[in-house]
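For reference, the structure is listed below as structure tokens.
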Amino acid sequence: MKRVLSFVLAAFLVVGMAWTGTPAQAAGKKLIAITYDDGPSIYTPQLLDGLKARGVKATFFMVGNRVSTYLSTVERVYQEGHQVANHSYDHSDLTGLSVSGIKNQIQSTNYQLDKVCGSGTSYMVRAPYGSVNSTVFQSVGAPLVLWSVDPLDWMYRNAETVKNNIINGAHDGAIILVHDIHPTSIPGSLAAIDYLQKQGYEFVTVRELFRRRGVSVQNGVQYGSCKSTGVDLGPVEKPVITGEVENGKMRVTITAQSGASVYYTTGTGKLNQTGTRYTGSFLVSTPCTVRAVAAFNMNGSRSETVEKTFSIPAVKNPRLQMEENTLTITCATAGAKIFYSLNGGENQPYTEPVALEPGTEIAAYAECEGYLPSEKVRASYSSRGNFFLDVLADQWYYDSIDQAASLGLMAGVEKNRFAPEDGVTRGQMITFLYRYSGEKAGETALMNMPFEDVAPDQYYGPAVAWGYENGIVKGTSETTFRPNRGITREEMAQLFFAFLRYRGQVEEADHAGNIDSYTDAAKISDWARPAVGYMTSISLLVGDDKGAFRPLAGSTRAQAASVLIRMTEKIETE
């Protein structure tokens, strides 16, 4: 319940507040802000229904310890474009608290509100009872909002009285105080809104009231109204979503008025402070629905949400197959026409299987009336006779993967797909070296393998048994190997180091000093330092473009192929 102090504050403003004088009608529109305190409550959804029916945006000064109980209501308040604001955590009189106590009241409430609005959201503050002093001004870290119209709804509890008191006090630039915890305040304030709208008033959030009149509010300053400045910047205009077909997808462009940011989602993601911010056009697969808002501030100064669905389906991507030097292209979309090109040449219609020479790059797409064109798919038929759907001649790892596949060291994850960016596991890496060795694990090795998580009949079983017997690999414990865990760079260094030593390729010397050039040398484990040093000295492993080794980072299949091929070249030249 508000104190008697509210009578005084309705007449004039406390010391420290930015006095705005007697408002005059602003250019274009009479603007007014209605605010609701002390909620959310069981009555707030009814109020939201009424505000939505009237096209009104309001500001809700919420009490932090009520937010978790009514989280879905807070979500609705925010998503429907109202302003969410801070009314302390438990409605304590802030003037009786220390600096830390005031900050705790404000920050604890901000934390609760962030669950809906997203971290980084700015919240205006209304001190409980309108009670402020210099300590409050210095501690809240936000603009403070008072009021200029108080219908005393907390005292009268009568809808007609609430209505009349709002109407009698209303003026251009006013901030109205109401409470959404009293059932009589809901119909009373809605009835007043109906009357004032007919009188030409436009209801806006507190933040919009000041923005539209070109007034910049400041932290630690209290405001009770916003008089006319002779300027009305107008409401936030809705963004415009357009799309153009590009390579089987839709390139989406979103435009908005100057100075406004755009937030968007292409799925079920939330449009809030932590949502995706538009920085340039982007590609989507159809069908797809794009939702977006334009905002000068996502909390209380944003447009209505716009939504556009791109529903035209795309032709299914062509499927490329190679058998005995002959390329076959098919498409699952009935009636689609297929076009292809070889080695970057002109597109030509596909009518029958095509004989290819090794060393050919292929590109293909499909079209069909009533559909978006398919994506352009590419493939490579290497000079060594390998057909790749995801490894192309212009990629840095092309030759290493081509060699590793030709030597039988690495195989694809499925037919004609190598998955170069996939990670490599511990079981896979020892298997690659096992294949290169040409050796076979004997029955004794398989029987003596101590790892409970490695079965002899798994593809990596014989490789792990062979590696353990010959001192090339160790487990992560005495009984576990963890074959499916991604291998780290320092583990990979140790594995190759041990293999080369097994092959008699390593000169016995102290190699640990070779790691000193890495910016993160201190992060390399003691047990891995000799191995990393040796691998560095022979350039089998190198640092990144910032000079770091990144010992705990994983390895991709492309990186593993590159190291394998460099190793084979070293062995063959010695």
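Observations on the structure shown:
- Label assignment, volume of the Cα convex hull per residue in Å³ derived from the structure, set (1) 165; (2) 232; (3) 151: (2)
- Surface exposure of the chain, expressed per residue as accessible area with a 1.4 Å probe, stands at 45 Å².
- Packing-based ranking, highest mean first, of 109-117, 473-481, 139-147 given that Cβ atoms within 10 Å are counted: 139-147, 109-117, 473-481
- Pairs exceeding a 25 Å alpha-carbon distance, out of Lys376/Lys546; Lys52/Lys115; Lys238/Lys316; Lys337/Lys376: Lys376/Lys546; Lys238/Lys316.
- Alpha carbon centroid spacing (whole Å) that separates the stretch 94-128 from the stretch 523-541: 51 Å
- Given their separation in residues at 0.36 nm each and the Cα-Cα distance between them, Asn484 and Gln257 gain 76.5 nm when the chain is fully extended.
- Accessible surface of the chain, 1.4 Å probe, proportion on carbon and sulfur as whole %: 47 percent
- Extents of the stretch 157-283, taken as max minus min of Cα coordinates on every principal axis and listed largest first, are 64, 34, 32 Å.
- Using equal-weight Cα scatterers in the Debye expression, the normalised intensity of the stretch 475-518 in log10 at q = 0.33, 0.34 Å⁻¹ is -1.15, -1.17.
- Estimated D of the stretch 253-326 in µm² per second, where Rh is the Kirkwood radius over Cα pairs and Stokes-Einstein applies at 4 °C, 1.567 mPa s: 89 µm²/s
- Each stretch of four or more DSSP H residues adds -39500 (n - 2.57); spread over every residue of the chain, this sum gives -8500 deg cm²/dmol at 222 nm.
- Judged by the mean number of other Cβ atoms found within 10 Å, the most tightly packed of the peptides 385-396, 324-335 leads the ranking 385-396, 324-335.
- Annotation for the stretch 330-375 versus the stretch 45-84: alpha-carbon center distance of 54 Å.
- Kirkwood hydrodynamic radius over Cα pairs of the stretch 342-462, then Stokes diffusion coefficient at 10 °C and 1.306 mPa s, in µm²/s: 91 µm²/s
- Most to least packed among 60-66, 150-156 [average Cβ atoms within 10 Å]: 60-66, 150-156
- Reciprocal of mean inverse Cα separation for the stretch 362-418 (Kirkwood radius, Å): 12.5 Å
The values are calculated or read from the model by the stated rules, or taken from the named source; none is laboratory data. Computed from a predicted structure; not experimentally measured. When we count neighbours, we look across all protein chains shown, and the Cβ atoms used for this are built from the backbone with ideal geometry, even at glycine. These accessible areas exclude ligands, DNA and RNA; they are computed on the full protein's heavy atoms, side chains included. Shrake-Rupley method; radii C 1.70, N 1.55, O 1.52, S 1.80 Å.
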